[in-house]
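The values are calculated or read from the model by the stated rules, or taken from the named source; none is laboratory data. Note that the structure is predicted; figures quoted are calculated from it, not measured. Reconstructed Cβ throughout: ideal geometry from the backbone, glycine too, with neighbour counts over all protein chains shown.
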Amino acid sequence: MSVTELPTMPSRPPRDGRAMQKGQQTKAAIVDAALGLATQIGLEGLSIGALAEVTQMSKSGVFAHFGSREELQISVIREYHTRFEDEVFYPALEQPRGLPRLRAMFANWMKRTSVEIDSGCIYISGAVEFDDRAGPVRDALASSVMTWHGAMERAIVNAREAGHLRADLDEQQMLF
């Protein structure tokens, strides 16, 4: 399968509803294509050349938006995290605090995981690819995962404090 045949994740509209400038639109389209590639071939497999092929841009045109392959990878992680929050975390906030919210977060997470079985999870593949390497890409991955971890831990604590879970519950064990 060539790079141009790989599926991409659907892009999302800007949160604030304002029209983006052309440069921002181009960068968003590149990140969208890069995210689609990364779910299939991993963050380490991303290259400016492959992305130029997918987006039908020149290598220098793609490079100009990021300045480095590392910054491209970090942009992909940020976009993945934003979509993860939009699909998993924020919808759960509509539920009452406590166990209903915790259940919604977990259900949303499992729904996303079932979709990612076919496409790939940036958090999981990134953890494997960058586990033994220090640097900004690993730091961005770790930060995103820790943010999600913290949100789940807060939801567990809130459910326990609301009396929905046993008072002697070990939050860390449940989180694991």
Matching residues in segment 122-164 - criterion: being assigned to a loop (DSSP other than H, G, I, E, B) and surrounded by fewer than 14 Cβ atoms within 10 Å (Cβ to Cβ): D131, D132, R133, A134, G135, G163
So T39, is it of a type in the set (V, I, T), under 16 Å from V137 (Cα atoms) and surrounded by 16 or more Cβ atoms within 10 Å (Cβ to Cβ): yes
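Pull up segment 131-146, narrow it to residues that are in contact (Cβ under 8 Å) with a residue 40 or more places away in the chain and in contact with an Asp or Glu (Cβ under 8 Å, 6 or more places away or on another chain), then point me to the one that is nearest to D86 (Cα to Cα).
The extreme case among them is V137.
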Residue in segment 88-107 that is modelled with pLDDT of 90 or more and closer than 20 Å to P136 by Cβ present: no
Filter result for A104 (part of a helix (DSSP H, G or I), of a type in the set (A, V, I, L, M, F, W, C), surrounded by 14 or more Cβ atoms within 10 Å (Cβ to Cβ) and free of Cβ contacts under 8 Å to residues at least 12 places away in the same chain): no
